[in-house]
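Below is one structure, written out as structure tokens; the observations come after it.
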Amino acid sequence: MAVFEYKGVNERGQTFKKKIWAETLDNAKEALQRDEIYFTEICAKKNSGLGILTLEEKIHFFQDLYQLLRAGIVLYEAIDLILNKMEGAKNQLLFLSIREALEKGKSFSFALEQSTGTFDSATIGIVRTAETSGQIVGAIKEILEMLKKKQALKKQVIAAISYPVFLLGLALIILVVLLCFLVPSLKELFSEKNIPLITRGILRASDIFLEYGVFLICSFVLGIFGLRQLFKQKKIAVYFGEILFKIPVLAPFLKELLLARFCRTLYALTAANVPLVESLELCKSVMQNPFFLETIERALTLLHQGSSISKAFQGSPMISPLFCRMLETAEKSGELKTVLEQAGELYEQNVETDLKKLVGVLQPFLIIFIGLIVGLIMIGTLLPMTDIRSFMEAS
């Protein structure tokens, strides 16, 4: 499939530019002729990638789709209306491909699956199940709720770490300003022979930064980019993941964050009447943590052997005993969907509480760190001024 751009003429004789999704140029021409669209030029569009939707864009898409379907508009017309709304947007081709797939008689789940990884397997699985049961409106609502919960959790994490990151950035800016402007302006006042060791170190650090500052900044940026690429390697990601999960304060928070996401995803799938085993398989595409993936795979193996879901998750270091107890209660009551929803809310609340504790502990340390930087440099620059002999020799 490719995107073709054509120039057309409307009934008033005005020219316009639009895009059409087709397998070949001939198929594109046939589609335009079939729709009685008069065109003067048509060509394949270069760099016609479908693009990837952000989380906010996915929420807007499913929100619009839910409202249109709820109003009684059929799926194809709803997608067509959304496509008209996205006229000129960078992700227009994505919605164009979905509409073209529906126009050719393909299923909505197939259209989402062909969208170059924009939609995860859990979303596609919910839609596929809804297509067989005819509950597409309810399924879209569940997807929308799942994405909104994911967005809320993401905003909580960002809001919590934004202030510590600001403080750390402020510390770096203060350090650069002091080394580049304050220290060099005082350098001529000191005698190289009689200044304290701490002052020599500060002066040397200032000289190094002034001489190699651009190189150091570029190396820092490239180092961050290199680490991101390095962490994409599975073995390295697993190795550093093991280190993170051994840190006493951080490990419980990471586990509850993963459990909150897992419970929300599994709840959305079960609420859409997706079978449990299939729901766990689809959760694997959403839970990208390798340790949690091992937990899900182990649980699937035990389920295939006839074990209950509560026993399938018992003994895993990633699953809390409380969650296993809640699953055991769900098995007795037959209310797995309700228990998963309650578990998701519980762990989301725990994540919010743990974030506040972490930030509360981290902020004083960062403030002390800024104070140490400023204090160390100020002491190093003011200490020689207390030595009258050094000033006499310098003059």
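The values are calculated or read from the model by the stated rules, or taken from the named source; none is laboratory data. Since the model is a prediction, treat every value here as computed from it, not as a measurement. So basically every Cβ, Gly included, is an ideal-geometry build from the backbone, and we count neighbours across all protein chains shown.
For this structure, a couple of remarks:
- Region 248-290, residues that are more than 15 Å from Ile319 (Cβ to Cβ) and among the small types (Gly, Ala, Ser): Ala268, Ala271, Ala272, Ser279, Ser285
- Test: residue in region 180-192 that is in contact with a Lys or Arg (Cβ under 8 Å, 6 or more places away or on another chain) and at pLDDT 80 or above: no
- Restricting region 292-308 to residues that are among the hydrophobic types (A, V, I, L, M, F, W, C) and surrounded by fewer than 19 Cβ atoms within 10 Å (Cβ to Cβ) leaves a set whose member that is modelled with the lowest pLDDT is Leu293.
- Condition broken by Ile73, with the remaining ones in (1) part of a loop (DSSP other than H, G, I, E, B); (2) within 21 Å of Ala31 (Cβ to Cβ) satisfied: (2)
- Yes/no for Lys337 being surrounded by 14 or more Cβ atoms within 10 Å (Cβ to Cβ), more than 27 Å from the chain's Cα centre (by Cα) and of a type in the set (Lys, Arg): no
- Being surrounded by 17 or more Cβ atoms within 10 Å (Cβ to Cβ), within 30 Å of Ala237 (Cα to Cα) and either in the same structural domain as Leu167 (by TED's automatic domain parsing) or of a type outside the set (Gly, Ala, Ser) (or both) holds for only one residue in Val359, Val351, and it is Val351.
- Of all the criteria given as (1) under 21 Å from the mean Cα position of the chain (by Cα); (2) assigned to a helix (DSSP H, G or I); (3) at pLDDT below 90; (4) within 30 Å of Leu355 (Cα to Cα), the one not satisfied by Leu167 is (1).
- Note on region 225-282: residues that are under 27 Å from Thr353 (Cβ atoms), in a loop (DSSP other than H, G, I, E, B) and of a type in the set (Gly, Ala, Ser) total 0.
- Verdict on Ile124 being closer than 19 Å to Lys284 by Cβ and β-branched (Val, Ile, Thr): yes
- Cβ-Cβ under 7 Å pairs, at least 6 apart or on other chains, region 98-122 side in contact (Cβ under 8 Å) with a residue 12 or more places away in the chain, far side of a type in the set (Lys, Arg): Ser109/Arg128
- Within region 34-58, considering residues that are outside any loop (DSSP other than H, G, I, E, B) and exposed (fewer than 14 other Cβ atoms within 10 Å of the Cβ), the one modelled with the highest pLDDT: Glu56
- Residue that is more than 18 Å from Leu280 (Cβ to Cβ), in the same structural domain as Asp64 (by TED's automatic domain parsing) and of a type in the set (D, E, K, R), where the choices are Glu142, Glu113: Glu113
- Residue selected from region 250-286 under the condition of a type in the set (Val, Ile, Thr) and within 23 Å of the chain's Cα centre (by Cα), by the criterion modelled with the lowest pLDDT: Val286
- Residue in region 149-157 that is surrounded by fewer than 16 Cβ atoms within 10 Å (Cβ to Cβ) and within 17 Å of Ile373 (Cβ to Cβ) present: no
- Some residue of region 187-195 being surrounded by 19 or more Cβ atoms within 10 Å (Cβ to Cβ) and either closer than 30 Å to Ile373 by Cα or outside the structural domain of Glu278 (by TED's automatic domain parsing) (or both): yes
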